[in-house]
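> My questions will all concern the structure given below.
The numbers here are math on the coordinates, done by the rules we state, and not lab data. A quick note: this is a predicted structure, and the numbers were derived from the prediction, not measured. A quick note on method: Cβ atoms are made from the backbone with ideal geometry, for glycine too, and the neighbour counts reach across all protein chains shown.
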Amino acid sequence: MSDVVLRLSGIVKSFPGVLANDHVDFTLKRGEVHALLGENGAGKTTLMNIAYGIYKPDEGDIYVDNRRVKITSPHRAMEYGIGMIQQHFSLVPSFSVAENITLGLKEFGIFPKMESVKKKIESLSQKFGLDVSADSHIWQLSVGEQQRVEILKLLYMNARIMILDEPTAILTPQETENLFKTIREMVKNGASVIFISHKLKEVLKISDRITVMRHGRMLDTIPTSVADERILARKMVGRDVLLKVSKKPSSPGREILEVENLWSRGDKGQYAIRGVDLKVRSGEILGIAGVEGNGQRELAESIYGLRRYTGRVVIDGEDMLPLDVTSRIRRGVAYIPQDRKGLALCGGLPIYYNFFLKVFDSPNFSFNPYMFNPSYLRRGAEQMVKDYSISTPSVDLEAKYLSGGNMQKVVLAREISGSPKLIIAVHPTRGLDVGAMEFIYKSLLRERNKGVAILLIAGDLEEIFTLSDRVGVLYEGEIVGYSKPDESHIEEIGLMMAGVGSIDA
Amino acid sequence: MNQDMITSTVSGAIRAGTPLLFATIGEILTERSGILNLGLEGMMLMGAFTGFAVSYNTGNLWLAVIAAMAVAGLLATLHAFMSITLRVNQVVSGLAIVFLGSGLSGFWGQAYVGVQSPSFVNFKIPLLGNIPIIGEILFDRDPLVYIGYLIVPLVWLFLYKTRYGMDLRAVGEAPDAADARGINVSLIRYIYTIVGGALSGLGGAYLSLAYTPMWVENMTAGRGWIAIVLVIFAIWDPLLAMVGAYLFGGISVLQFGLQVAQIPIPANIMKMFPYLFTIIVMLFTSSERIKKRFGVPSALGIPYSREEKG
Ligand SMILES: Nc1ncnc2c1ncn2[C@@H]1O[C@H](COP(=O)(O)OP(=O)(O)O)[C@@H](O)[C@H]1O
Ligand SMILES: [Mg+2]
């Protein structure tokens, strides 16, 4: 065991409504690159934030060089030689590169000697192939350059254990190549690296061992030499049956949603949706599988009217292009977004308010926004709380105090109560416990049986299989193929999700 | 305008700008740490009152200044406790400080209305004070004005050239980044909220011990609010704060000058200028890129917690 530099043992960490880490064990050996692989929300970042002292674990122990340690703050972690590059960089935008690198280091007097710092930075960046000028300011740099600054920070303070959280997510292929060179160089110089990613190819290329996480649990650790894309895809999206919900065969009716040659840009201005075509009929669930960040959010938002697009979105025969969100809601579009706290609910408003947010605008007289009657709303809300078995002491409770599952039930109740024609559901059960999951599955299936068209966008294949009648795979903004929601196709779908090539369905 | 009028306007601007300068520099330090303290008006009033009362009772001007800073610092500590430890809304807490400060100073100050106490007198700096015109304007003033001259470059050096200044700016701009580098965010916020409060107390003391050496209820007359506006005008920079403080001080002096010279710009319009200038500055600094460039404390007013997702 002497070659183990970091060991996490039995780590448990829960956030309100989410068990992010469920008795996770993890070891890092000296001089290895250990990949941590898992879908978004699997708990990778949480685990590493615990090792770096940002989160406090509910349970579990941390060992550095086989000595048990308490890592109560990032400062402590740095003292043990642990350095971490966060998924979202922690750089001060107005500071120069050199200032960011010296920030917080205790070795300096009142006036840091920037000249010697710069010299050291220069020699480090030469040695490790990190091209960045010490004098430029962070706000002037591209994300790739910013990442090099983050790496220089680790190198400057001589971190022996380096945690890189999804470092390649924002890099171009060439930059990724360079990052790999740097990582190899760092290992040669005695560092041990934890490399977090959900991209199979990269993981296979750079790592010595691979640990797969799923739903907050550690599934397996295998040497990279015996792994291949098939094995990993299977593990990552694989089979751990959480629940079975029975589903009768669908009887699709008329076309409700038709999307044609849809193009839409992501927040950074690059195209995130590149020419998507799809159709969903009444009484049918179309599952869209894919690794997060391949355009899921942009697809949903374009159809719902939250994001600008080119191409056609037709709902029940009517082109939606000129219509804003409100008009689309009135035409029967319901949306269960992935961000239930930020987008679906107003956390600071009472539950009963949240139930009726969308009908305040309706032409229905009983919801005149200027003279609505709270007790009328409350009565309606109490009925919904009962129908959807939402556990809350009162409908006056602010929505933010609900657990994740109950929040989602509020969203679901509101969206379904509008009698929609089309439901767009994005990761509807992410982070929920099995009970809430089952409830949501059943509700969605009930709506489908009533003849609603449902577009289900999710990363979890099990969920897609349980609910969908057809499955399309979204990869880099395109639907790369369709498949059937059944076990025999799980590997093909997994490979398509990982960008390993499409099949003809 | 003749030369006399210019000299008197400029020197008046410096005198009127000095209390603004102290309060603005203080608030810059506070806001740089990410804490918004709208309580300046209250802290300045407590500083003005305390300074006057101590000077009246002890006759010791420097003791009076120190007491004024301590009392205002105490009020700021209250704000720090509410904003940092209890994480209440900083605007609400700041407003509470305003009412607390003006209420307490008004109540305790009743006994001091209309009495006389020792006050700071002008002190000509040798050599420099003998330079024609400039010497008279800049170097024949009271000691607190000189402290104002000194404090600006010192704070500038501190902010931009020292390790501690770097820590401070990092905490206000990117508290999570600072935290990830082992900087104690709460501690830094406490320190600079208190230091900022003390400086606003100094600004208040200048009013009652030098500018108009007496105690009048609510004698700050809105200067605390102007200082808050000045912070934005100065884009959180001490050098620009100096320019702004003397400029705004000058505007208030000009109001009288123009009346005397019978130039018809109504006083209300003059009073509007500080706010107008600030709105113009805000228009220019509203873009995200410019904010990052100047290091505007983007975490201003947002309580920090390590585990909470932004
Ligand atoms: N600070 C937090 N507060 C509340 N929930 C959190 C927090 N951090 C993570 N979570 C939740 O914990 C789960 C795991 O998240 P994370 O560790 O970020 O996953 P990964 O890095 O594998 O994508 C998610 O459901 C996420 O929403
Ligand atoms: Mg993550």
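> Can you tell me the convex hull volume per residue for the stretch B:3-301, based on C-alpha atoms, in Å³ to the nearest whole number?
It is 139 Å³ per residue.
> Quote the FRET efficiency, to the nearest 0.05, computed for A:L357 versus B:L95 with a Förster distance R0 of 30 Å and r equal to the Cβ-Cβ distance.
For A:L357 and B:L95, the calculated efficiency is 0.45.
> If Lys and Arg each add +1 and Asp and Glu each add -1, what is the summed charge of the other residues whose beta carbon sits under 12 Å from the beta carbon of B:E136?
Computed value for this residue: 0.
> Could you work out how far the C-alpha centroid of the stretch B:144-219 sits from that of the stretch A:87-122, in angstrom?
23
> Under a point spin-label approximation (7 Å from Cα along Cα-to-Cβ), what is the A:D228-A:T310 distance to one decimal in nm?
The answer from the label model is 4.2 nm.
> Find the centroid of the Cα atoms in the stretch B:252-297 and in the stretch A:288-334, then give the distance between the two in whole Å.
46
> Separate question: Run the simple label-point estimate for A:R68 and A:R254 please: 7 Å along Cα→C-beta, distance reported in nm.
It works out to 6.9 nm between the two label points.
> Where does the stretch B:136-285 land on the Kirkwood hydrodynamic radius, alpha-carbon pairs, in angstrom?
17.7
> With the crude spin-label approximation of a point 7 Å out along Cα→Cβ, what separation in nm comes out for A:V325 versus B:R306?
Once both label points are built, they end up 3.5 nm from each other.
> Once fully extended, how much extra length lies between B:F294 and B:F273, figured as 0.36 nm per residue of separation less the alpha-carbon to alpha-carbon distance?
Length difference between fully extended and current span is 5.2 nm.
> Then there's this: Quick one: if the Förster radius is 51 Å, what FRET efficiency do B:N2 and B:T77 give, using the C-beta to C-beta distance and rounding to 0.05?
0.55
> Using r as the Cβ-Cβ distance of A:K450 and A:K400, and R0 as 45 Å, what FRET efficiency do you calculate, to the nearest 0.05?
Working from the Cβ atoms, E equals 0.90.
> Residues in the stretch B:137-166 near a label at B:L239, defined as backbone nitrogen under 14 Å from the 7 Å Cα→Cβ point?
Label zone hits: B:152-161.
> Take the alpha carbon gyration tensor of the protein assembly as shown, find the square roots of its eigenvalues, order them as a ≥ b ≥ c, and report rounded if a/c is under 1.5; if not, report prolate when a/b exceeds b/c, else oblate.
prolate
> What is the ratio of the Cα radius of gyration of the stretch A:1-109 to 2.2 N^0.38 Å, where N is its residue count, to two decimals?
With N residues counted in the stretch A:1-109, Rg over 2.2 N^0.38 Å equals 1.16.
> Using Cα positions and a limit of under 21 Å, work out the lysines in reach of A:K127, with same-chain residues fewer than 8 apart set aside.
Cα-Cα hits under 21 Å: A:K118, A:K119, A:K153, A:K181, A:K188.
> Express the relative contact order of chain A as a whole percentage, based on alpha carbon pairs under 8 Å and six or more residues apart in sequence.
16
> Over the stretch A:248-393, what is the mean sequence separation of C-alpha contacts under 8 Å (at least six apart), divided by residue count, expressed as relative contact order in percent? It would help to have the intermediate numbers written out before the result.
On the way: 161 pairs, mean separation 26.0, N = 146.
Across the stretch A:248-393, relative contact order equals 18 percent.
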